[in-house]
Every structure is written in C-alpha cells, then in structure tokens.
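Coordinate-derived values only; no laboratory data. Model, not experiment: these values are computed from the prediction. Counting neighbours? That spans all protein chains shown, and the Cβs are built from the backbone with ideal geometry, glycine included.
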Amino acid sequence: MTDHAADPSSEQDPRTPHYGGPAGGWGSLEGMAKLLLDETPTPAVLDTLRRQNKPGGHMCTSCAWAKPAKPHAAEFCENGAKATIWDLARNTCGPEFFAAHSMDELWGMTDHDLEAAGRLSHPMRFDHAAGRYVETGWDEAFAGIGAALKRLDPKSVVFYTSGRASLEASFMWQLFARLYGHNNLPDSSNMCHETTSVALKKFIGSPVGTCVLDDFDHCDLMLFAGQNTGTSSPRFLHTIQKAVERGCEVITFNPIREAGLLRFRNPQRVTQMLGGSTDLSDLYLQVRPGGDLAALLGLIKRVFELEDEEGGIIDRDFIAAHTTGLDGVEALARVTSWEMIEAHSGLPRHHLRDVGTRYARARNVIAMYGMGLTQHVHGGETLGMLVNLMLLRGNIGRQGAGISPVRGHSNVQGQRTVGISEKPELVPLEAMARLFGFEPPQDEGRTTVDAAEGILDGSVRGFLQLGGNFARSIPDATRVGPAWADLDLVVNVATKLNGSHLLPGRETWLLPCLVRAEEDMQDSGAQTVSIEDSLSHIFASLGKVAPAAETLRSEHAIIGGIAKATLPPNPEVHWDDWVADYSRVRALIERLWPEQFEDYETRMRQPGGFHKGNKARERIWQTESGRAEFTVPDSLSGLGSDLKPEEYTLITLRSNDQFNTTVYGLDDRLRGLSGNRMVVLMNPAEIAGAGLSEGQQVRMICASEDGHRREIGGLTLTGYDLPDRCVGAYYPEVNGIIPLSLHDRMSKTPAYKGTPVRIVADGP
Ligand SMILES: Nc1nc2c(c(=O)[nH]1)N[C@H]1C(S)=C(S)[C@@H](COP(=O)(O)OP(=O)(O)OC[C@H]3O[C@@H](n4cnc5c(=O)[nH]c(N)nc54)[C@H](O)[C@@H]3O)O[C@H]1N2
Ligand SMILES: Nc1nc2c(c(=O)[nH]1)N[C@H]1C(S)=C(S)[C@@H](COP(=O)(O)OP(=O)(O)OC[C@H]3O[C@@H](n4cnc5c(=O)[nH]c(N)nc54)[C@H](O)[C@@H]3O)O[C@H]1N2
Ligand SMILES: [Mo]
C-alpha cells in the first residue's frame, strides 16, 4: 500500500509537480484590487472594501465564514475582494447588448465572458420571434409574470434560491411561495450542505454546526475533512493560524494536498508578508474519495483499542446521560478489520491509529468539514460516523469542541433559518397561518434534484430563480438543458448574465437586481439587510455604492412586485409596506422565530452580530429519541458502488479564481495550475498505467449505469498528485457527466465528489 500521508513541512512533494506557494500573502489593498481582476477599482469600490465585513459596512457576498466582532484592518480576502469588484462592475449588459448578440452567439460564450458583459441593467423579456431578449418595463414584467402564475397549478411551479439573498428577501420569497400554494423551495443548499441539514438534524438535532468563534481559542485538535479553506473560505485561515500558534494540532483528510491547509502566509502581518509562513497541518492524509467513512471508523476502532488498554478514554458519563446507540457502533468498530478500513479509505492503519491516539489524548476537538464529505451517495452516513467519533469523548456541546460545517454562499444558512425549505416540517407553518390568515401547503416540496427531474418529465411547468445559475450547477446539466424550452414560465432575477438565462421557456423574463454592496433606497430611506454566517451569527449589512443603473430594483421590490400581481389581496399581507421599510419584515421574522431573533433590529447591528442560539450546543438534543444518536452506516464507503477495473472516482473541484459558476479567470494558483479549465487531473503513475500520456486529449465517460450515456471530450490529461483511482475536473465545466440519480441517500445532495467515470483517448 502506498503511504499517502504527505509530509506537510516539505517545501515540495516530489509527487506534486504543480504545488504552489502558501495561501494568503496578498499585499496592499489598492495593488491587490488592481491585480486581482486587472482593473483599477474606483474610489467608491476601495471605500466599500475598507468597510467590508465590519459594522456599518456591507457583508461580503463571497463565503459564509464568520465576521469577528473585532475585525482586521481589511476584514476580507482575495475572494471577497474579487466578489465585490465583480459585483460592482460599471459596464452594463442591457438592451443594446442583447440587440447586438443573438442567442447563438451567446451560446458560444464562456461562463466568464457572459458575466464579464457587465451588470444586467434593464428588465428583459425573451422574444421568440426575434430570437433574443428585448427590453420591457417593470410593471409589464410583474403583470406578465403574475398572469402566467395565475394560469399555472402552483404545485407545478418551483421557486429556487441561491444563497445570497438577504434574510428579509428570503423571508418574502418563501412567504410568496406558500401564499401562492407550494413548498417547492429548493436552495443552492440542496447541492451543498443539505447533507448537513438532514444528517446533523437527525443525529444531534441541529441542522447547523455547533461551534462559535470562541471555541477556536480553546480547542487542542482540529480535524479537517473535505474542506479547502485556502480557496473556499480564506478568512478562516486567520482563525486556524491563531489556534496553531497556540499549540492546537490540525489533521487534514483530503485526496488533494491543498496549499491552503499546508501553510499560510498572513497578509495582515508585516513579518509574514516578507516571507515567513505558518505550517498548518500536522498530518495530511490523502484519503481516497468517499474514504472518510472508513477512515473515521478507523479512528473509532483505535479509540476502543486504547479504551481496552488504558480505560477512561470514552466519556461514559456523557454517553449515559446524553446518547443512544453506542453498542452498535462499538460492535462495528470491533468487527471491521484494519484491512477493510485500509481498503476503503486508501490510508495505512499506522496513520489512522496515530490520529485515533491524538484524538483520544486531545481535550477539546473540533471537526470541520465541507463538500468532500457532503457530496457523496453515503454523505449523510459519513457525517453520522463523524458524529459517532465526536460523541465518544463528549466533543459536542462544550467550550472548545464541536462539529462545524463550513458553509458556502454568504447567506445560505440564513435562508433556511427564515423558511426557505422544501420540507414543511422545518417551518413554523401554524404560526405563519395565524399571522397571515391563510392555509399554508403541507405537502413536501421539491429538492433541487426533484426540480431537475420535474423539468425533465414535464411535471414542473414554471421555474423562478432568485439568483444563482441552476441550469449550470445541477448534475446532468446537459441532459436537462433542452427540457427548459418546454417550461411555460421562466423567471430569472439576477445580477449578471449566465448560462441559465440562455435557456428560455415559452415565456421568459430576466429581471436585474441590486447587489448587496449597493445602496438600496426605498420610501423610508436607505435599507439595511441582514445575513447569517456559518457560525449562526446574524449581522446587519448596509450597501452604500450608487447602483450600477437607475433601472435596477432590489430583490425585495421584485418579489413584492410579482407577489402583488399574482396573489389576491390579503388584509394581513402588505407587500408595499414591507418593501418600503425592511425593518417591518424583520419584525415579522422576530414574531415567527422569537427565540432566535429576539431584539433582532438592535442586536444585528452590534459588533459581531448576535448568535441565534443552538440547542445541541447546550446539550439539548432535538432528535427523534431526544438524545444524541450513534449510528451504524449501511456502507463502509461514501461511494455508491465499488469501482470496476478501469473506473475512477471523479471529484469536481473549484479554483480560487471562481465562485461557483462565476469564473473570474483560468488560474488555480493554490494548486499551481493555470490557463485551462478543461482538464482531467490524474496521478502520473496511473496515466502511464492506463497507456495514456500527459497533455493528451481525453474523453471522460460516466460509468454509472442508469440507461443514459454521458461523456465529455476535449479534456487535457494533466498529471497531478492524487490518490489512485481518483480523477479531478472543474465544476461547472463537467456537470453534464454527473447523473441526477447519484446523490446522498438521506438528503439528495448530488454526488459531485463521487461519480464513477472512465477515461479514454479522445480522437476521431
Ligand atoms: N473561491 C471560491 N470560494 C468558494 C466557492 C467557490 O466556488 N470558489 N464556493 C462557495 C460554496 S457555494 C461552497 S459550498 C464552498 C465549498 O467549499 P468546500 O467545502 O471547500 O468545497 P470544494 O472546494 O468543492 O471541495 C472541498 C475539498 O474536498 C476535497 N475532496 C473531494 N472529495 C473528497 C473526499 O471524498 N473526502 C475528502 N476528505 N475530501 C474530498 C477536495 O479535494 C477539496 O479540497 O465554498 C464557497 N467558497
Ligand atoms: N460539479 C459540481 N457541481 C456543483 C458543485 C460542485 O462542487 N461540483 N457545488 C454545488 C454547490 S456547493 C452550490 S452552492 C451550487 C451553486 O449554485 P448557484 O448558487 O445556483 O450558482 P452560482 O454560480 O453561485 O450563481 C451565480 C449567479 O448568481 C447571480 N447573482 C449573484 N449575486 C446575486 C445577487 O445578489 N442576487 C441575485 N438575484 N443574483 C445574484 C449572478 O447572475 C451569477 O451569475 O453549485 C453546485 N454544483
Ligand atoms: Mo455551496
């Protein structure tokens, strides 16, 4: 067995030809802003960057990492700056642009070029006769959409949200959906941390993580699994660095040696900008995709070995008072052989026993994870195994310990908090019914996967998208694409042009909205909004930059406009008043969730915002059994099936030069790759073993057997340090290869990190 533990202190692993330098180290504000996107930022943009993520400023639209009460001088990272500069582009994409470009031309453009066309500026309607978008007025758009919605069966309509819309806009969106008559409220979260929302809820009674920032000052071991901090949530590197300098150990499970978790240069410290850096991971284990489930079981097995040898390792008091189901997990750990664990995890037992020992010796442990755990067929069960490990030593519900998913979009967690959910049981429907005098629908709504399947089978007739790029982000993007044309109604509320907008239905509207950094002026004055971060803190956000165009409206105003044109009058529902003053929406949120949002209006403005509370943190377990639950999985791997000969597991990747389908450029600096995103990464020995060669053009074929053929050609085979039987490729370029049918069994989160594929030479 190859030893896949890389020595994190070595400057260059010989098997990592592309390894780059440390993460961070991004230099001065002006210089950085210019370099990042090759444009000179205006004084207004620089001013807004200075106030980003600070009280009185706007909260970044990049990742969801916590905003500390005492911010750094520049409390943002490379990605946050890029997001703001990109959002505040001054070029606009309006009627003239659409008059000049046919749909065919737009189809030929890349994700980057579509967004680089600038900010959408005018409400547009798709004109089938002309084959392009044409300008329309706001009133005409609202009336047209309202009339179309009235003609449709509400149950056949989907309201999708991407995780950027504020708490206030999200609340209005879900209320509109329910007043109209459906719970079809999938969110980008359905492709992301839905595994967390379902599995953590089931096992510990909390759909979100249990940690707050203070815990990171008290932990002595952090386990990282499948989260790429340097690329996906760079501000978190500060927190990790501080903990490491205090003596906290970090152990990472990731098939790729991600630079951000190997070492970090802190741009906020002069000495480090001059060259020093901090080694972050004490041990870096290149686990096989989906291998975390077995690796975690290995750690548990080691804990039982030590318990047998020494006793006192397992927290028996905690387990007796708070949990159920230990016996099953103990039996599984004892009966599963190290050979099995090594085979599934791809990791040698001595490393797993070492980590198990460190876990057993650590007083306070925090487990951090991301898409590497959630985007698997047995993702929920993998989280169950992580919870098992944490429960063994009472590492949930006390200071310095806990389980902490790192969320993606800046308000994705908050949207779920205020009712964007296809699961009616998670929403206070009775209270909503009383407050607004109506009968909310009680039936289960559609997830992202269900919505895509409904578009394919014709049962979805209308699709409204509040932000995001659904058509490019979903699995089976190529197969679902053509079915869009058959939808009766398509409405996109967006800031920039993207692939989803190039898929018109019979009636199609494209509505441009403000971004969070822009001033949102309504009848009562400039509006503040609020968002929730990954650690469940809620903050005010105030945009101050002049809007990119006078014709833009806020998401709140657009939702109110469509809702008014669709729904019959209701004496308890006041769209105009709510749009005039968002604090009235906050008052409604506070009434519906009084415990979490107490004194919302005041507390969201204090430095560090306010914590909405978490019962699992207090060791109150809101699960079916009323206890924290140990669980036994059905599988020893996160993967849906064993790989056959010649098959590889595809993990799809994001670079630091993209935010989801927003592709800023072709660099993947932290992985030492650049210039081409149409690549397949594979380890050099396996390239040779497969009779292929580096630089060769290859074709990737999906090996999941469900009757559909999926393949992508024109990919450049690139040698990269990956475990055996694993290939990497970029999201969203390869989304056509991932089957909708391959998703987490508990939550339907797509298996974006666990699709079996074959790689063959491309050619005539
Ligand atoms: N720059 C940038 N930042 C972003 C985003 C972006 O696109 N670009 N997107 C935002 C969003 S919406 C989200 S959800 C987050 C996502 O952020 P992350 O949770 O970090 O998700 P990914 O980058 O998709 O993958 C994370 C890591 O999982 C590893 N991995 C793959 N398969 C496995 C596995 O089976 N096991 C383990 N242990 N690791 C595995 C990959 O090598 C990768 O390093 O980032 C947010 N922030
Ligand atoms: N293969 C593969 N597929 C994946 C993933 C993966 O790891 N691998 N990750 C999945 C994950 S974690 C996620 S979260 C999804 C992301 O899926 P989405 O959230 O749907 O996609 P984004 O690319 O974030 O959406 C970008 C678009 O949002 C619009 N936008 C930006 N800001 C705003 C705003 O403030 N308001 C409005 N109304 N619109 C705005 C712009 O028009 C922009 O083009 O993709 C998923 N798909
Ligand atoms: Mo995400």
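A dipole drawn for the range 160-254 from +1 and -1 charges on Cβ atoms has a positive end, and of ALA169, GLY205, ILE240 the residue lying farthest that way is ALA169.
Our note on the geometry: Cα centres of the range 702-750 and the range 126-154, 36 Å apart. In terms of its C-alpha gyration tensor, the range 543-671 comes out oblate, because a/c is 1.5 or above while a/b does not outweigh b/c. Net length available on complete extension from GLU618 to ALA546 is 21.5 nm, with 0.36 nm assigned per residue and the Cα-Cα distance removed.
Hey, what did the chain get for relative contact order, percent, Cα under 8 Å, at least 6 apart?
On the way: 1765 pairs, mean separation 169.0, N = 764.
Relative contact order, the chain: 22 percent.
Pairs exceeding a 32 Å alpha-carbon distance, out of LYS54/LYS150; LYS150/LYS615; LYS301/LYS753: LYS54/LYS150; LYS150/LYS615.
Take the Cα of ARG246, step 7 Å toward its Cβ, do the same at ALA147, and the gap between the two points is 6.2 nm.
Taking R0 as 25 Å, what FRET efficiency do you get between ALA69 and HIS218 from their Cβ-Cβ distance, rounded to the nearest 0.05? Once the sixth-power term is evaluated, E becomes 0.90. Checking every one of the GluC sites (Glu not before Pro) in the range 349-444 against DSSP loop status and a limit of 16 other Cβ atoms within 10 Å picks out GLU444.
The mean sequence separation of alpha-carbon pairs under 8 Å and at least six residues apart, normalised by the residue count of the range 54-151, gives a relative contact order of 22 percent.
Mind putting a number on the dipole of the chain about its Cα centre? Charges go on the C-beta only, +1 for Lys and Arg and -1 for Asp and Glu, and I need it in Debye to the nearest 20.
Numbers: 75 positive and 98 negative charges, 183 e Å.
Around 880 debye, computed over the chain.
Subtracting the Cα-Cα distance of TRP138 and ASN570 from their residue separation scaled by 0.36 nm leaves 153.3 nm. Taken over the Cα atoms of the range 456-594, the convex hull encloses 156 Å³ per residue. As a calculated quantity, the FRET efficiency between ASP577 and ASP634 at R0 = 51 Å, using C-beta atoms, amounts to about 0.50. Between the listed residues HIS182, VAL727, SER554, the Cα displaced farthest toward the positive end of the dipole of the chain, a dipole computed from Cβ unit charges relative to the Cα centre, is found at SER554. Positive-end ranking of HIS350, VAL329, ALA360 along the dipole of the range 320-364, with charges on Cβ about the Cα centre, is headed by ALA360.
When only DSSP loop residues count, what GluC sites (Glu not before Pro) in the range 280-336 have their Cβ near at most 14 other Cβ atoms within 10 Å?
Numbers: sites: GLU305, GLU307, GLU309, GLU310, GLU330; in loops: none.
Here no loop site has a sparse enough neighbourhood.
Label-to-label distance for ALA526 and SER337 is 6.9 nm, based on points extended 7 Å past Cα in the beta-carbon direction. Across the range 680-685, rounded Karplus estimates of 3J(HN,Hα) from the backbone phi angles (6.51 cos²θ - 1.76 cosθ + 1.60, θ = phi - 60°) give 10, 8, 8, 6, x, 5 Hz, Gly and Pro being marked x. Give the shape of the range 410-449 as rounded, prolate or oblate, defined through the alpha-carbon gyration tensor: a ≥ b ≥ c are the square roots of its eigenvalues, a/c under 1.5 means rounded, and otherwise the shape is prolate if a/b is larger than b/c and oblate if not. Here the range 410-449 falls in the oblate category.
Label sites at ASP104 and GLU694, each approximated as a point 7 angstrom past Cα along Cα to Cβ, lie 4.2 nm apart.
Shape class for the range 81-180: oblate, because the ratio a/c of the largest to smallest gyration tensor axis (alpha-carbon atoms, square roots of eigenvalues) is 1.5 or more and b/c is at least a/b. Dipole magnitude for the range 343-476: about 1080 debye, using +1 per Lys or Arg Cβ and -1 per Asp or Glu Cβ, origin at the Cα centre.
Computed over the Cα atoms of the range 205-252, pair by distinct pair, the Kirkwood hydrodynamic radius stands at 11.6 angstrom. Calculated [222 nm] ellipticity per residue, helices only, for the chain: -9000 deg cm²/dmol; basis is -39500 (n - 2.57) per DSSP H run with n ≥ 4, divided by all residues, nearest 500.
How far, in nm, would the chain grow between ASP706 and GLU430 when pulled straight, counting 0.36 nm per residue and subtracting the alpha carbon separation? Could the numbers behind the result be given before it?
On the way: separation 276, 0.36 × 276 = 99.36 nm, distance 4.11 nm.
Between ASP706 and GLU430, full extension yields an extra 95.3 nm.
Kindly provide the GluC sites (Glu not before Pro) of the range 608-681 that DSSP labels as loop, not H, G, I, E or B, and whose Cβ sees at most 15 other Cβ atoms within 10 Å. Before the final figure, lay out each step's value.
Working: sites: GLU618, GLU624, GLU629, GLU646, GLU647; in loops: GLU624, GLU646, GLU647.
Those satisfying the criteria are GLU624, GLU646.
Taking a straight line from the alpha carbon of LYS644, these aspartates and glutamates sit under 17 Å away, with near neighbours fewer than eight places off in the same chain left out: GLU686, GLU705, ASP706, ASP724.
Would you work out the charge dipole size for the range 630-753 about its Cα centre, treating the Cβ of every Lys and Arg as +1 and the Cβ of every Asp and Glu as -1, and quote it to the nearest 20 debye? Walk me through the numbers before you get to the answer.
Numbers: 12 positive and 16 negative charges, 61 e Å.
With only Lys, Arg, Asp and Glu charged at Cβ, the dipole is about 300 debye.
Below 12 angstrom from the Cβ of GLY626, what's the summed charge of the other residues (Lys, Arg +1; Asp, Glu -1)?
Details: positive: LYS615, ARG619, ARG627; negative: GLU624, GLU629.
The answer is +1.
Taking amide H atoms as placed 1.01 Å from N in the peptide plane, the amide H of HIS72 has no partner under 5 Å among residues 5 or more positions away or on other chains.
Within the chain, what percent of beta bridges assigned by DSSP are antiparallel, to the nearest 5? Don't skip to the answer; put the middle values down first.
Working: 38 of 89 bridges.
Here the share of antiparallel DSSP bridges comes out near 45 percent.
Placing R0 at 22 angstrom, the Cβ-Cβ distance between ARG363 and ARG316 gives a FRET efficiency of 0.85 after rounding to 0.05. Reported to the nearest whole Å, the Cα centre-to-centre distance from the range 601-647 to the range 394-465 is 15. For the pair the range 168-219 and the range 544-575, the centres of their Cα atoms are 24 angstrom apart.
Taking the empirical scaling 2.2 N^0.38 Å for compact globular proteins as reference, the chain has a Cα radius of gyration ratio of 0.91.
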